[in-house]
Amino acid sequence: MNKQSLMVYASIVLAMLFWSFSFVWVKIVYLVYNPITTVFLRLSISSALLFLIGKSLKRIQGVQKEDRIYLVLLAFFEPFLYFLGESFGLKLVSSTLGAVIISTIPLFSPIAAYLFHKEKISPKIALGILFSVVGVGVIIFNKQFDLVASPQGIALMFVAVAAAIGYSIVLKNLATKYNPLTLISYQNLIGIAFFLPLFLTFELNHFLNAEPTTEVWIALIELAVFASSLAFIFFTYGLKHLGINMSNLFINVIPVFTAIFAFFVLNESLTFQKMLGISIVISGLFLSQAKLKFSKVKK
C-alpha cells in the first residue's frame, strides 16, 4: 500500500471513529441542551473554526454559480435533515441502537442507485438487506416480540439514513471540483441558516435558561471539532478517491465502536442479545458489499 492509499484509508477510519464517539458525546450534551440547540451550537463552533483555518491557509475556494444550488442541497441533506433525524432520534433510542441503524446506510445506497440510475439490486444485496433487518429486529424486539425501543426514535434514525444517502450522491460530484475544507465550511454555514429559525422559535428560551456543566461544554466542543469538522473533511477526502459505495462500506464499524464507547462512558448495557444483533447487521452489510475489492486508490 503506497503513501496516498494509506492516507485515504486512515482518513476514512478516523472519520468513522469520530462519528462513533459522536453518539456518546450527544448523549452527554443532552443532559442540558435540546437537540436543535445542540446542532446549532456545534455547527456554529465548527463553522467559525473551519473558516478561520481555511482563510488563514487560503484554502477556501470560490463556488461557481452553477454549483451553488447543489451546495444548498448538500447542506439540506446534511447537516439539516440528517441532524434533525439523528438528534431527535437519539433522544428516544440508545447510542448503540442509533449507531446500528446508521450503519445500514451502505445497504440502502444501492436501492437509491436503482431508483435514480436503474442499477440492478444483486441477490447479495437483497440477502444483505434481509440479514440487517433481522439484526436490527434482534436488538429492538424482546423474546415476546414487543418493541424495546421507541418506534418514533427508530423512524427518525432512518430519516437520517435517507439524508446521508442523498448527501453522498450530491457530495460525489462536488468533491471532484472543490477541496474538502471548502465544502464542509460552506456546508456547515448553510446548515446554520437552516437551523437558525428553528432555534429562535423553539429553543432560544431554554438555551438562555440552561446551566451547562464543564462536561457538557467539553462534549459540545468535541462534537464541533471532531464530528462536525474533521470527520466530514476526512470522509470527503476518502470519498473523492474511493467512491460512494466503498466509502460508505466503512460505516459498518460505527456500531462496534459506539457500543464499546457507550458501555464505558455512558454505562449502557452490552447484552448478548445486543451483541448478536450487531453481529448480524454487520454480517449483512459486508455480505451486500462482498463483490467490492479494495483496489488501488484512484489518483
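The values are calculated or read from the model by the stated rules, or taken from the named source; none is laboratory data. Given the structure is predicted, the values throughout are model-derived calculations rather than measurements. We place every Cβ from the backbone using ideal geometry, glycine too, and count neighbours over all the protein chains shown. Remember, those area values only see protein heavy atoms, side chains included, never the ligands or the DNA or RNA. Shrake-Rupley method; radii C 1.70, N 1.55, O 1.52, S 1.80 Å.
Details
- Normalised per residue, the accessible area of the chain is 47 Å², obtained with a 1.4 Å probe and no contribution from ligands, DNA or RNA.
- When you count the other C-beta atoms within 10 angstrom of each residue and take the mean per peptide, 70-77, 198-205 line up highest first as 70-77, 198-205.
- Sequence of Glu268, Glu86 from largest to smallest accessible area, 1.4 Å probe: Glu268, Glu86
- Among Lys240, Lys65, Lys91: highest mean-square fluctuation, GNM of the chain, C-alpha pairs under 10 Å: Lys65
- Under Karplus coefficients 6.51, -1.76 and 1.60, residue-wise ³J(HN,Hα) of the stretch 149-160 in Hz, glycine/proline x: 9, 5, x, 5, x, 4, 4, 5, 5, 6, 4, 4
- Global geometry of the stretch 1-153, whether rounded, prolate or oblate, following the gyration tensor of its Cα atoms and the 1.5 cut on a/c: oblate
- Accessible-area composition of the chain, carbon plus sulfur, in percent [1.4 Å probe]: 69
- Mean residue ellipticity at 222 nm, helices only, the chain: -23000 deg cm²/dmol; runs of at least 4 DSSP H residues each add -39,500 (n - 2.57), and the sum is divided by the number of residues.
- Gaussian network model of the chain, springs between alpha carbon atoms under 10 Å - residue of Leu49, Leu171, Leu239 with greatest fluctuation: Leu49
- Working note: Karplus 6.51/-1.76/1.60 with θ = phi - 60° gives the stretch 7-14 the couplings 5, 5, 5, 5, 4, 5, 5, 4 Hz, where Gly and Pro are set to x.
- Rounded, prolate or oblate (a/c below 1.5 giving rounded, otherwise prolate when a/b exceeds b/c) for the chain by Cα gyration tensor: oblate
- Among residues other than Leu90 with Cβ under 15 Å from its Cβ, the summed charge is +1 (Lys and Arg +1, Asp and Glu -1).
- The 3J(HN,Hα) values that the Karplus relation (6.51, -1.76, 1.60; θ = phi - 60°) gives for the stretch 229-236 are, in residue order, 10, 4, 4, 5, 5, 5, 5, 4 Hz. Gly and Pro appear as x.
- Placed amide H near Phe141: partners under 5 Å, 5+ positions off or other chain: Val148
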